[in-house]
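Peer 1: My structure is below; once you've seen it, I'll send some questions.
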Amino acid sequence: MKMLINGKHVDAKDNATVEVLNSATQELVDTVPVATPEDVEEAIQAALKGKKAWGALPQYERSAILLKCALAIEANLEELALSLTTEMGKVISESTPEVACCAQIFRGFAQMASHLYGQTMSEFQPGSETDIIFTKYEPMGIVACITPFNYPVELCFHKAAAAMAMGNAVIIKPATDNPLTIMRVVELCWEAGIPGDVLQVVTGSGAKIGSLLAEDENIDAISFTGSTEIGIQVAQMAAKTLKHVTLELGGNDPFIVFEDADMELAVAEAVSGRLKNAGQTCCSPKRFIVHSSVLDTFTEKVIESLKKLKLGSPLCKETELGSLINPEATKQVAWQVEHTIAQGAKCIYGGKIVGETYYEPTVLTGVTKEMDMAVEMEVFGPIFPIISFETFEEAIEIANNTPYGLHAGVITKDFSKAIRAARALECGGVVINGSGNYRNVDQPFGGTKMTGLGSREGISCTLQDMANVKSYILKNIMVE
Ligand code: NAD
């Protein structure tokens, strides 16, 4: 597939390409260009034109086009879900809702932007009685969206649709492993009426293109979702031109099972939360902090449930566990498991790579609060490290002892305890009687500490982050 620059399908200036493989089978699906600096510059020059005309359109026109995009995505749901599953190994029963969610994101931002009102100031400050001050949300200009591999379609358009709804031009830099479905959505958006210089995609090396976008003085904002390590680099590069930066980064989310938990619920939520997207979810439960009195029951029941799990082709409707994104990611998970065993944990279920890109669901017991996996090591795979605790305070201390702070899950029948735990947890969201692997498109999604910077993402809040709030001051307008 070719890049999508200035309304055209283009190769890289030097014709270099990179392969996109089927994650599950490692067969070639397609190639995409590796953009040169000249290609990136061409996209930026086009966006400079695109932002003017698009930003000048009345809101009702922009929103009408975005609503058409939502319909076009829905009309092509099956094709897009198939493409997503093929290029990333996500099971088809999860790809279909992800694409449907993408359509809903377009619809949500189109509607919300139509009713995003400015403010009128009061006469609180003495001497301001004769002035009228009101605010308007205006476009920022060009927003570069650098996006991760794990929920490529949903996460990309949480940024791009919001940015376009607010009148900005957008340049997308998708993850190198799986850019194809995003590119197809962009083609559909062009057909639905988004101008080719308002929504563009440049493909290729994250390090090269990402840094060109982050450093370019014509780009006004960077919205990045990905690892904390790269997020910090992006923030440093963007600081040179003081760009507006939003970072949605990694997580090592706790899942606390108190002694009075409904055990069936705890196990079901742990397993579904951890295994969704083969464990490659920023907000999946990654540390299972379980009261010592229910530790054995919880562990046995988790294993019972894992034994019934169907691992296989992600295209098959019955498959519950698909592949990881690539062989390197699989080896990384294997290394993380071995490392934790070397630190003293015991692998009592699973623990092996299957083929090139599958990893068995794996249960590690005897994980202590000092081990890397219990603190800063983010594992993107179907791994269940189980950590025992005795008191409420200890559970909270273990949960908070991480540089990350995305989501958390708390399982207890005692609602007062659940709320006290939620208040004590240092993170962006707590699911009570569920795992933290939960996202509603409206919700302000994001985290604290090393998980994020800038505002949250969601239909309720991203628009404000994609706009310049301008104050209009009518000085002495009330003087007769
Ligand atoms: P990643 O950081 O490797 O890559 C993210 C994007 O950055 C990709 O498009 C990549 O090509 C690009 N990139 C790579 N090097 C770059 C550089 N030097 N400069 C600029 N851009 C560069 O992340 P990933 O592996 O695609 O995604 C997984 C990570 O994302 C996990 O840590 C996960 O927790 C996190 N994540 C967070 C959220 C959230 O909302 N908090 C959501 C999804 C994923």
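Peer 1: Roughly what % antiparallel, to the nearest 5, for the DSSP beta bridges in the range 281-402? Display every interim value, and only then the final one.
Peer 2: Numbers: 5 of 14 bridges.
About 35 percent, rounded to the nearest 5.
Peer 1: Provide the percentage of antiparallel DSSP beta bridges, counting only those with both residues in the chain; round to the nearest 5.
Peer 2: 40 percent
Peer 1: Loop-only trypsin sites (Lys or Arg not before Pro) in the range 9-51, please: DSSP not H, G, I, E or B, and at most 14 other Cβ atoms within 10 Å. Walk me through the numbers on the way to the answer.
Peer 2: Numbers: sites: Lys13, Lys49, Lys51; in loops: Lys13.
Counting only loop positions with at most 14 other Cβ atoms within 10 Å, the trypsin sites (Lys or Arg not before Pro) in the range 9-51 are Lys13.
Peer 1: If each residue of separation counts as 0.36 nm, what is the full-extension length gain between Asp296 and Lys2 once their alpha-carbon separation is subtracted?
Peer 2: Stretched out fully, the Asp296 to Lys2 stretch lengthens by 100.5 nm.
Peer 1: Okay, moving on. Mind checking the range 58-107 for GluC sites (Glu not before Pro) that DSSP puts in a loop (not H, G, I, E or B) and that have at most 13 other Cβ atoms within 10 Å?
Peer 2: none
Peer 1: Cα gyration tensor of the chain, axes a ≥ b ≥ c as square roots of the eigenvalues: rounded (a/c below 1.5), prolate (a/b > b/c) or oblate? Don't skip to the end; give the middle numbers.
Peer 2: Working: a/c = 2.08, a/b = 1.36, b/c = 1.54.
Oblate, because a/c is 1.5 or more while a/b does not exceed b/c.
Peer 1: Mind checking the range 299-343 for trypsin sites (Lys or Arg not before Pro) that DSSP puts in a loop (not H, G, I, E or B) and that have at most 15 other Cβ atoms within 10 Å?
Peer 2: Qualifying residues, ordered by number: Lys308, Lys310, Lys317.
Peer 1: Let me ask you something else. Please return the longest stretch of the chain lacking exposed loop sites, where chymotrypsin sites (Phe, Trp or Tyr not before Pro) count only if DSSP places them in a loop and at most 15 other Cβ atoms lie within 10 Å.
Peer 2: Working: sites that count: Tyr117, Phe124.
For chymotrypsin sites (Phe, Trp or Tyr not before Pro) (loop position, at most 15 other Cβ atoms within 10 Å), the longest site-free span of the chain is 125-480.
Peer 1: According to the Cα gyration tensor, what semi-axes, each the square root of 5 times an eigenvalue, does the equivalent ellipsoid of the range 322-480 have, listed from largest to smallest in whole Å? Please list the in-between numbers first.
Peer 2: Numbers: eigenvalues 322, 96, 37 Å².
In descending order, the three semi-axes are 40, 22, 14 Å.
Peer 1: Placing unit charges on C-beta atoms (Lys and Arg positive, Asp and Glu negative, everything else neutral), compute the dipole magnitude of the chain about its Cα centre in debye, rounded to 20. Walk me through the numbers before you get to the answer.
Peer 2: Numbers: 39 positive and 60 negative charges, 91 e Å.
For the chain, the charge dipole is close to 440 debye.
Peer 1: To the nearest 20 debye, what is the magnitude of the charge dipole of the range 328-480 about its Cα centre, counting +1 on the Cβ of each Lys and Arg and -1 on the Cβ of each Asp and Glu? Let's see the in-between values first.
Peer 2: Numbers: 13 positive and 18 negative charges, 79 e Å.
Charge dipole, the range 328-480, about its Cα centre: 380 debye, nearest 20.
Peer 1: Return the sequence-ordered ³J(HN,Hα) values of the range 370-385 in whole Hz as given by the Karplus equation 6.51 cos²θ - 1.76 cosθ + 1.60 applied to θ = phi - 60°, using x for Gly and Pro.
Peer 2: Couplings: 8, 5, 4, 5, 8, 10, 10, 7, 7, 9, 9, x, x, 10, 10, x Hz.
Peer 1: While we're looking at this one, here's another question. Answer with one residue from Asn440, Gly409, Val379: the one whose Cα lies farthest towards the positive end of the charge dipole of the range 351-453, charges on Cβ with Lys, Arg +1 and Asp, Glu -1.
Peer 2: Of Asn440, Gly409, Val379, it is Asn440.
Peer 1: Can you find, among Ala334, Gly251, Phe109, the residue farthest towards the positive end of the dipole of the chain? Put +1 on the C-beta of Lys and Arg, -1 on that of Asp and Glu.
Peer 2: My answer, from the dipole projection, is Phe109.
Peer 1: Give the accessible surface of the range 94-238 per residue, rounded to a whole number of Å², with probe radius 1.4 Å and ligands, DNA and RNA excluded.
Peer 2: On the way: 4830 Å² over 145 residues.
In whole numbers, the range 94-238 has 33 Å² accessible per residue.
Peer 1: Also: Taking the Cα centre of the range 1-129 as origin, sum charge times position over the Cβ atoms of Lys and Arg (+1) and Asp and Glu (-1), and report the length of that vector in debye to the nearest 20.
Peer 2: Magnitude of the dipole: close to 500 debye.
Peer 1: Next up: Need one word for the range 229-355: rounded, prolate or oblate. Basis is the Cα gyration tensor (sqrt eigenvalues a ≥ b ≥ c); a/c below 1.5 gives rounded, then a/b vs b/c decides.
Peer 2: In terms of gyration-tensor shape, prolate.
Peer 1: Still on this model: Kindly count the pairs of lysines across the range 1-117 whose alpha carbons are less than 28 Å apart, treating pairs on different chains or eight or more residues apart as eligible.
Peer 2: For the range 1-117, qualifying lysine pairs total 17.
Peer 1: With every protein chain left in place, what is the accessible area per residue of the range 393-449 in square angstrom, probe 1.4 Å?
Peer 2: Values: 2430 Å² over 57 residues.
Here the residues of the range 393-449 average 43 Å² of exposed surface.
Peer 1: Given a 1.4 angstrom probe, I'd like the percentage of the accessible area of the chain that is carbon and sulfur, rounded to a whole number.
Peer 2: Details: 10700 of 19500 Å².
Of all accessible area on the chain, carbon and sulfur atoms account for 55 percent.
Peer 1: Which FRET efficiency value, to the nearest 0.05, is calculated for Ser122 and Thr241 with the Förster distance at 45 angstrom and r the Cβ-Cβ distance?
Peer 2: On the way: r = 36 Å, r/R0 = 0.80.
The pair Ser122/Thr241 has a calculated efficiency of 0.80.
Peer 1: Counting only other residues whose beta carbon sits under 14 Å from that of Met377, what net charge do I get with K and R as +1, D and E as -1?
Peer 2: Result for the local shell: -4.
Peer 1: If you take the charge dipole of the range 328-480 about its Cα centre, with +1 on Lys and Arg Cβ and -1 on Asp and Glu Cβ, which of Ala345, Tyr358, Leu463 is farthest toward its positive end?
Peer 2: Among Ala345, Tyr358, Leu463, the one farthest towards the positive end of the dipole of the range 328-480 is Leu463.
Peer 1: Rounded to the nearest 0.05, what FRET efficiency is calculated for Lys413 and Ala75 with R0 set to 45 Å and r the Cβ-Cβ distance?
Peer 2: 0.50
The values are calculated or read from the model by the stated rules, or taken from the named source; none is laboratory data. Quick caveat: nothing in here was measured; it's all calculated off a predicted structure. We place every Cβ from the backbone using ideal geometry, glycine too, and count neighbours over all the protein chains shown. Just so you know, the surface numbers come from the protein's heavy atoms only, side chains and all, with ligands and any DNA or RNA stripped out. Shrake-Rupley method; radii C 1.70, N 1.55, O 1.52, S 1.80 Å.
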